[in-house]
Amino acid sequence: MPDMTKDQSIKDAGVDVAVTVDETPANPVAESTGKPRGLWGDAWFDLRHRPMFWISASLLALLLVIAAFPGLFTGADPRAGDLTNHYLQKPELGHFFQADWFGYDVQGRSIYARVIYGTRASILVGVGVTVAITIVGGLLGLLSGYFGGWLDAIISRVTDIFFGLPFLLGTMVVLNAFAERKVYVVIAALAFLGWTSICRVMRASVITAKQADYVTAARALGAGTGRMLFRHVLPNALAPTIVVATIALGGFISAEATLSYLGLGLADPTISWGIDIASGSEEIRNNVHVLLFPAGMLSLTVFAFIMLGDAVRDALDPKLR
Amino acid sequence: MGRYVARRLLQMIPVFIGTTLLIFLMVHILPGDPIRAMWGDKAADPAQVEALRHKFGLDQSLPMQYINYMKDLFQLDFGETFGGRPVWDEMSRAFPVTIRLTIVAMAIEMVVGLSLGAWAGLKAGKAPDTGVLIFTLVVISIPVFILGYVARFIFADTLHWVAPNVEDSMDITQLFLPGFVLAMLSMAYVARLTRTTFAENLRADYMRTALAKGLPRRRIVGVHLLRNSLIPVVTFLGTDVGGFIGGAVVTEGIFNVQGVGNLLYRALQQREGSTIVGVVTVFVLIILVINLIVDLLYAVLDPRIRYA
Amino acid sequence: MRGAKSAKWVAGAAIIALAATACGGGDSDSGKDMNSGKADPNGILTAQLSEPQNPLQPANAKESQGSRVLRAIFAGLVDYEPGTGKLTYVNAESVTPNADSSVWTVKLKPGWKFHDGTPVTAKSYVDSWNWSANVKNNQTNSSWFQDIKGYSDVHPDKGDPKKTEMEGLKVVDENSFTISLTGSVSYFAYKLGYDVWSPLPESFFKDPKAAGQKPIGNGPYKFVSWDHNKMIKVRKFDGYQGPNKAKNGGIDFKNYTTAEAAYSALRSDQLDWIEQVPVTALKNYKQDLGDRAIDQEYSAVQSIVPAFYTKQFKNINPKVIQGLSMAIDRDTITKTVLNGTRTPADSYVARGVLGYKPGALGDIVKYDPAKAKALIKEGGGVPGDKISIQFNADQPHKAWVDAVCNSIRQATGVECVGDSKPDFATDLNARDGKKVKSMYRGGWVLDYPVNSNFMRDLYGTTAAGNTSGYSNKAFDELASKADKAKTLDETVKMYQEAEQLLAKDMPSIPLWFYKVNSGQSKNVFGKIVYGQDGDPIFTDVQVKSKK
């Protein structure tokens, strides 16, 4: 990991500060010299020169293609089980891209086919929940951190209440509100309790960012609230949120496995890594391959997202230029 | 400072009422009649179901149920379980266990997580750093029920270092393995947090000043660097205590710890409203206190922070 | 079931053999052999038990956990012989019906005492049943007394009870009483084996709530302590006069959060008996435990039940359901996915129950894809060409539901998916509220070992256990005729006829019979013997002497 030398702080993760004074230097150069390249342009320029960005981005691209067109990668039916001939058959690691490559599971189904077909639901859950909590939690954190006062008090205490809600109770309530156990329902259930941490992170970094000199300057120049929020404060407070979100993304994919384990997750005929990890855990002592491949795919995805998050964060952090 | 604390303490009252109301509603929304469920697969006798509903006040309207519950609560009566035992009794058995487990997990998390993180941070880019990254990845992508199973298989069933189960939940020495499993995920986060803040602060001005002054390296790392790197870590630890107390359902189940997670899980399955509301309410209060302590700790760690 | 009996025999023979020889053999390592060493009549057994949901009152244990403790503390009038299901007398000297089985006379064995020293009399029984049946006393099993005349007085459908005593119960003298029923029930004596019919001492009625925390019974064990969520202790009652005197010194019922935790404790000999081997260990437990593994059938059946109130199954041709049944490869599924924890069902009635007839369902439970397809076609097909099976995910049902669905889908082309509900309460809610979308998982453990329990109580139109909306007039008539039959034998025979009727009409698809997959620790002497309800006969378990 060559670029690990660079700082890739997720320093503000979960910071619930009433008042933190962290003297993050602003980015006066980019703001005031009026160079054509803004914050995002800078970041993109920086990203293009990072190998880790390209590795993780191409890995993600591959996963997205698998998710979109699973039929391209396997001809086997992921739902067809043959208990008589294939019950828990071990992997044939030499048989690339064939049905028995990763072996068969407890229902006699091809694990390779299931891993391929499970990509779509798993990535949808991960990305869906992350987008949802980033929008909801991010917005609440932004408002709470920027305006402070009673609005902050209300939002913070509501966050506390949600933080105290038991995972099981919360998800059960949401899941029962919907008739079918579809992907969007699972996303809703996970997002229902998941937004609190992003909210805290965003709030903390907004509190830090709004005290920066350039923000004060912008305010003195008479910038409106909307412009202040979205042009000045948000871009400079976004970095920690992105990092936490990318780490959390993997966490949500595996949280779907925990949901399946508790009988609350996605259900047949949907196929997901989470379902297979949960059912594969029963074979952990005797047929670890049933568990290994879906869990391995999950690790790979988490790895790709974390690396991408690190690269993006580093690119966004003005201190590192 | 005093006014700040007072204000935060006052905020607990609306939060308390809000939480109880919210949980009350949520338990009510859940499908499944707790009284009918007592009969399981077998048929329930409608007259008896009616009589039991009356006994537990479940035949009243929801607002009435809530008002009655709050009335009792102000006399510190948390109600009764369906088995006819005071909820307070159940809670006073479970909370001390979970608090012990939390202490063990926190200790492990702080010691191991901080040292790993500091080690990686000081050697950023070298082998220890990569090792910590891989550890993080592995821990994040393995669900806790598998982690717990593997940990027990290795340390108890194979190596025989510890007993496989917690026989006496109040004995803190037996809580080591579940505490370790519980701490794993957070340990990964703490290690990464510490590592990044360390790496970042190494380049800070005050470090250069300290070095220039000719202070010994040990003092620089141990006092200046550590203290300045602790704020995000402390924040994370604060939120984590909450997670440990409420989120240990799976870990407690695997290792036979009779704690809050286990109590809550059973209460949820039996739709025992009084227990669920009681546990969650106490739990939210604990979170509020911890958040307050964390906020106050900022001022200790960073003298620039002042509370009005 | 012969297995159970012979196991008891072997254990018995081993004791005699070993009593003659000096106790040889080492302890831990060579202690693999469970018949080595010597039994300690005062040894304490530790057994798994989850926290009972309700206070320990005889008629208040709807779940198996409370029942397990109650059965140790209380002794009833009768019990069943393991294996055959035949009736044996415990506290009763005799239980005899009149000519039409509507009035029963109970004679007690004299001289029995409760644990507090007070005598067990006819009044102890009558008072107990009157109290338990009373709707105001909130006993979950109160409806067990509904056959008794005057039940509706103490347990009206609505409002407060009019009386506190059922007119059908009459004390004749100190040791005998009569029970008048509302009609004829030829197998009434069989019902009396359940724990709800236990006697209660005088002290109980003074403070029933306290008695539920500290029960005083007349059984082989006396209650010692209940440390909630941790342990319930019972010890041998020396004054016990029944045939099933405890062969150990007592039992510590210990609470474990999960089957995993309990299994670990068993392997390290901290626990002597577990309820069920966890799913993760099912492939290994026989190696792990050797001959200490327990693998035994008990009288319970699992099935999938069509919800007859749905559009899909409202006017279904039974041939379609027969076809679905024949599309399920029971043999392969029980051997693979279920790891041999069940045996394929061949009748509606579980094995080990009076009136069980091997192969009663004939070809209907045999796997035959071609015939399955043909039958479904003949019956007009499955409406919508799609079924779902509802189950509760808090128990390990998902694997077999998936396997059954795969089998059906591949054999017939009918789409089939599992419909998981997070917990049992949610599952029940959908079943009771008639909101099941297509089919649901059904399970039935015997209440008493007579075949009527597996049919009338499940498929009778008005039976409370019938949640599928199934109704068959011919069956209802035959069942009520059978209940009124003069002798038990006739009743059983007529129910066997009724079973053939059901086979043509398919109120459910029986899948398999349950087995206990359990184990015992090295501290247990001899093999643990099981009753028909899937619970061990604890009084017979012997603990090895530690020397």
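Bear in mind these aren't lab numbers, they're just calculated from the coordinates by the rules spelled out. Since this is a predicted model, take the numbers as computed values, not measurements. Here the Cβ positions follow ideal geometry from the backbone for every residue, glycine too, while neighbour counts run over all protein chains shown.
Here B:Met91, B:Met187, B:Met64 are placed in order of increasing Cβ neighbour count within 10 Å, fewest first, which gives B:Met64, B:Met91, B:Met187. Around the Cα centre of chain C, unit charges on the Cβ atoms of Lys, Arg, Asp and Glu (plus for the first two, minus for the last two) sum to a dipole of about 480 debye. Could you work out how far the C-alpha centroid of the range C:61-90 sits from that of the range A:154-232, in angstrom? Each part's Cα centre sits 58 Å from the other's. For the protein assembly as shown, the dipole from Cβ point charges (+1 on Lys and Arg, -1 on Asp and Glu) about the Cα centre works out to 1720 debye, to the nearest 20. Amide H contacts for C:Leu45 (H built 1.01 Å from N in the peptide plane; partners 5 or more residues away or on another chain; cut-off under 5 Å): C:Gly249, C:Gly250, C:Ile251, C:Asp252. Pairs spanning more than 31 Å between alpha-carbon atoms, out of C:Lys136/C:Lys473; C:Lys421/C:Lys473; C:Lys158/C:Lys398; C:Lys123/C:Lys162; C:Lys206/C:Lys236; C:Lys158/C:Lys206: C:Lys136/C:Lys473; C:Lys421/C:Lys473; C:Lys158/C:Lys398. Does anyone have the angle between helix B:2-29 and the longest principal axis of chain B? Alpha-carbon axes, 0 to 90°, nearest 10? Orientation of helix B:2-29: about 50 degrees from the principal axis. Residues whose amide H lies under 5 Å from that of C:Ile294, counting only those 5 or more places away or on a different chain, are C:Ser518, C:Gly519, C:Gln520; hydrogens are built 1.01 Å from N in the peptide plane. Derived value for chain C: Kirkwood hydrodynamic radius 24.8 Å. Basis is the mean of 1/r over every pair of different alpha-carbon atoms. Computed over the alpha carbons of the range B:15-73, Rg followed by Dmax gives 13.3, 41 Å. Candidate membrane-span-like segments in chain A, meaning DSSP H helices with Cα atoms spread over at least 30 Å of their own axis and a Kyte-Doolittle mean of -0.5 or above, are A:111-147, A:183-210, A:234-261, A:289-316, with no membrane implied. With only Cα atoms counted, the protein assembly as shown has Rg and Dmax values of 32.8, 110 Å. Counting neighbouring Cβ atoms within 10 Å and putting the fewest first, the residues C:Asp173, C:Asp363, C:Asp505, C:Asp457 line up as C:Asp173, C:Asp363, C:Asp505, C:Asp457. Between 0 and 90 degrees, the angle of helix B:226-246 with respect to the longest Cα principal axis of chain B falls at about 20 degrees. Footprinting exposure proxy ranking of A:Asp314, B:Asp33, C:Asp385, fewest other C-beta atoms within 10 angstrom first, gives C:Asp385, B:Asp33, A:Asp314.
The mean sequence separation of alpha-carbon pairs under 8 Å and at least six residues apart, normalised by the residue count of chain B, gives a relative contact order of 27 percent.
Phi angles of the range C:379-384 translate, via the Karplus equation with coefficients 6.51, -1.76, 1.60 and θ = phi - 60°, into HN-Hα couplings of x, x, x, 7, x, x Hz per residue; Gly and Pro are given as x. Spacing of the modelled spin labels on A:Ala57 and C:Asp207, each 7 Å from Cα toward Cβ, amounts to 7.7 nm. Of all beta bridges that DSSP places with both ends in the protein assembly as shown, some 80 percent have antiparallel geometry.
Every pair of different Cα atoms in the range B:91-301 enters the Kirkwood calculation, which places the hydrodynamic radius at 18.6 Å.
Rounded to the nearest 10 degrees, the angle from helix B:46-55 to the longest Cα principal axis of chain B is 60 degrees. Do any of C:Lys314/C:Lys434; C:Lys437/C:Lys481; C:Lys283/C:Lys386 go past 24 Å between their Cα atoms, and which? Violating the 24 Å Cα-Cα cut-off are C:Lys437/C:Lys481; C:Lys283/C:Lys386.
Across the range A:207-314, counting alpha-carbon atoms alone, Rg and Dmax equal 21.2, 69 Å.
Pairs exceeding 21 Å between alpha-carbon atoms, taken from C:Lys62/C:Lys113; C:Lys254/C:Lys544; B:Lys71/C:Lys230; C:Lys311/C:Lys435: C:Lys62/C:Lys113; B:Lys71/C:Lys230. Think of chain C as having a plus end and a minus end, set by charges on the Cβ of Lys, Arg, Asp and Glu; of C:Trp129, C:Asn98, C:Ala47, C:Ala47 sits farthest toward the positive end of this dipole. Largest first, the extents of the alpha carbon coordinates of the range C:335-478 on the three principal axes equal 37, 35, 34 Å.
May I ask you to list, by number, the DSSP H helices of chain C whose Cα span along the axis is at least 18 Å and whose average Kyte-Doolittle hydropathy reaches 0.5 or more? Walk me through the intermediate numbers first.
Values: long enough: C:2-20 (27 Å, 0.87); C:398-412 (21 Å, -0.03); C:488-505 (25 Å, -0.73).
Helices passing the filter in chain C: C:2-20.
Between the amide H of C:Ile304 and those of C:Gly442, C:Ile509, C:Leu511, distances stay under 5 Å, these residues lying 5 or more places away or on another chain, with hydrogens modeled in the peptide plane.
Per residue of chain B, the DSSP helices (runs of n ≥ 4 H) give a summed -39500 (n - 2.57) that works out to -22500 deg cm²/dmol at 222 nm. Between the range B:144-213 and the range A:246-321, what is the separation of their alpha carbon centroids in Å? If we compute the Cα centre of each part, the gap is 21 Å. Our summary gives chain C a relative contact order of 20 percent, counting only alpha carbon pairs under 8 angstrom and 6 or more residues apart.
Rounded to the nearest Hz, the phi-derived 3J(HN,Hα) couplings of the range B:168-185 under the Karplus curve 6.51 cos²θ - 1.76 cosθ + 1.60 (θ = phi - 60°) are 10, 5, 8, 8, 5, 5, 7, 8, 5, 5, x, x, 4, 4, 4, 7, 3, 4, where x marks glycine and proline. Centre-to-centre separation between the Cα atoms of the range C:487-515 and those of the range C:195-218: 38 Å. For C:Lys86, give me every one of the lysines with a C-alpha distance below 21 angstrom, ignoring sequence neighbours fewer than eight places off in its own chain. Reachable lysines: C:Lys5, C:Lys8, C:Lys107, C:Lys109, C:Lys191, C:Lys245, C:Lys357, C:Lys484, C:Lys486, C:Lys493, C:Lys515. Computed from point charges on the beta carbon alone (+1 for Lys and Arg, -1 for Asp and Glu), the dipole magnitude for the range A:39-320 about its Cα centre is near 840 Debye. In a Debye calculation with equal point scatterers on the alpha-carbon sites of the range A:39-320 and no solvent, what is log10 I(q)/I(0) at q = 0.16 Å⁻¹? Result of the Debye calculation: -1.21. When the protein assembly as shown is described by a simple charge dipole with +1 on each Lys and Arg Cβ and -1 on each Asp and Glu Cβ, the residue from B:Val282, B:Ala47, A:Ala80 located farthest towards its positive end is B:Val282. Between the listed residues C:Gln302, C:Pro369, B:Met184, the Cα displaced farthest toward the positive end of the dipole of the protein assembly as shown, a dipole computed from Cβ unit charges relative to the Cα centre, is found at B:Met184.
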